[in-house]
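Right, one structure below, let's go through it.
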Amino acid sequence: MPAGKPAVLNIKNEDATAEEFDSSALKIEKVIGGGKEGSVRLRPLDPGNYPFMGEYHEDTAKGVVIAE
Amino acid sequence: MLATLLIVFREVIEAGLIVGIMLAATRGVPRRGLWVSYGVVGGVAGACLVAAFASEIGELFEGSGQELFNAGILLLAVGMLTWHNVWMASHGRVIAQEMRQVGAAVVAGRRPLAALSVVCGVAVLREGSEVVLFLYGIAASGGTSALGMMAGGVLGVLAGAAVSALIYLGLLGIPARYLFSATSGLITLLAAGLAAQAVAFLQQAGYVNVLTVSVWDTSWLLPEDSVIGRLLHTLIGYSDRPSGAQLVVYGLTLAIIVGLMNLQPRARVVSPEAAAEMTSSP
């Protein structure tokens, strides 16, 4: 995504159970129910990598937002 | 199992720190254990309710229900902590005197214990609802590892409670005449940190769209998801990338609480009844 601009992130939980979308880098914590969707605002980001994870499946549910 | 233990441990410590401070702040007050227990039990019940209705809460206010709910209960806690500190500013000296003269047991029980009870409840509710959702997910997914992970969850709760108890005992090591200023200071910083967290939730939901840019980035020095970063986040609201609005609200909250505390007439008499009269007609 472009750096320096706010954005909206839409998250879809395809599991049957709830998950918490968590990123200390993006400053986001949001619980999303099983099979539900949610959206969060991203603040304008400096160029860089911003990792996130599903807190309830820390080992496997990982990703990164790249701002450039 | 270890991963489960760590996740649960982390959440329990965050709530436990706050409960420990509340207990230390009410040292020597009769029936404080009861009030704090009300808060904790209420928080656990609330956590189960919030977890059960997580999706429903989330869908309110066009999908921002969860953020508004979190911001709301955080601000409720900020209000209660402010009330407690302002009350202590006018009565604390009297209580400290009494503790020296007649021992802890006779200290008047007029303090706003309900306020601290609510704060404990909010802390347990917030962290607890995450634990409940997490453990429920494990239980629901079944499988052979589920039992071991549940055991990890239980151990995590016990370990978190044990560390929280140690922190409480550490706070009790502070001599009585400094204890109230120490806990008042801790509570002021705690309240400012909670207010800043509430702002983060409002920004995440798009209700506060000013000063959203991060003011600094200290994640290379002290990442917020490290152990110390998390403890400081809970205790004083440390953030490795705070937004401008968070900093403004943090500073405002500090200024308001300290200002209100200094506006209180200092009672110098011994009996709490007389102190109460002095504050009502300064």
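The values are calculated or read from the model by the stated rules, or taken from the named source; none is laboratory data. The model shown is predicted, which means the values in this text are computed figures rather than measured ones. All Cβ positions, glycine included, derive from the backbone under ideal geometry; neighbour counts span all protein chains shown.
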Checklist outcome for this item: Selection from the stretch A:1-15 of residues in a loop (DSSP other than H, G, I, E, B) and more than 7 Å from chain B (Cβ to nearest Cβ) yields A:MET1, A:PRO2, A:ALA3, A:GLY4, A:LYS5, A:ASN13, A:GLU14, A:ASP15
Item to check | All positions within the stretch B:133-164 that are among the polar types (S, T, N, Q) and either over 25 Å from the mean Cα position of the chain (by Cα) or farther than 20 Å from B:GLY46 by Cβ (or both) | outcome: B:SER141, B:THR144, B:SER145
Item to check | Criterion (more than 14 Å from every other protein chain (Cβ to nearest Cβ) and closer than 23 Å to A:SER39 by Cα) met by exactly one of B:ALA191, B:ALA200, B:ALA195, B:ALA159 | outcome: B:ALA195
Checklist entry - Quick check, is B:VAL210 surrounded by fewer than 21 Cβ atoms within 10 Å (Cβ to Cβ), at negative phi, under 20 Å from the mean Cα position of the chain (by Cα) and within 14 Å of another protein chain (Cβ to nearest Cβ)? => result no
Checklist entry - Do any residues in the stretch B:48-74 that are within 10 Å of chain A (Cβ to nearest Cβ) have Cβ atoms under 7 Å from those of residues that are aromatic (Phe, Trp, Tyr) and assigned to a helix (DSSP H, G or I), where the two are at least six apart or on different chains, and which pairs are they? => result B:ALA51/B:TYR136; B:ILE57/B:PHE69; B:GLU67/B:PHE201; B:ASN70/B:PHE201
Checklist entry - When the residues of the stretch B:246-272 are filtered to those that are polar (S, T, N, Q) and part of a helix (DSSP H, G or I), which remaining residue is modelled with the lowest pLDDT? => result B:ASN262
Checklist entry - Going by the structure shown, is B:ASP240 of a type in the set (D, E, K, R), buried (at least 18 other Cβ atoms within 10 Å of the Cβ) and either within 11 Å of chain A (Cβ to nearest Cβ) or in a helix (DSSP H, G or I) (or both)? => result yes
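Okay, residues lined up against (1) crowded, with 19+ Cβ neighbours inside 10 Å; (2) closer than 30 Å to B:ILE228 by Cβ; (3) touching a Phe, Trp or Tyr at 6+ places or on another chain (Cβ under 6 Å):
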| residue | (1), (2), (3) |
| --- | --- |
| B:ILE13 | yes, yes, no |
| B:GLY20 | yes, yes, yes |
| B:GLY39 | yes, yes, no |
| B:ALA51 | yes, yes, no |
| B:ALA54 | yes, yes, no |
| B:ILE57 | yes, no, yes |
| B:PHE61 | no, no, no |
| B:GLN66 | yes, yes, no |
| B:GLY72 | no, yes, no |
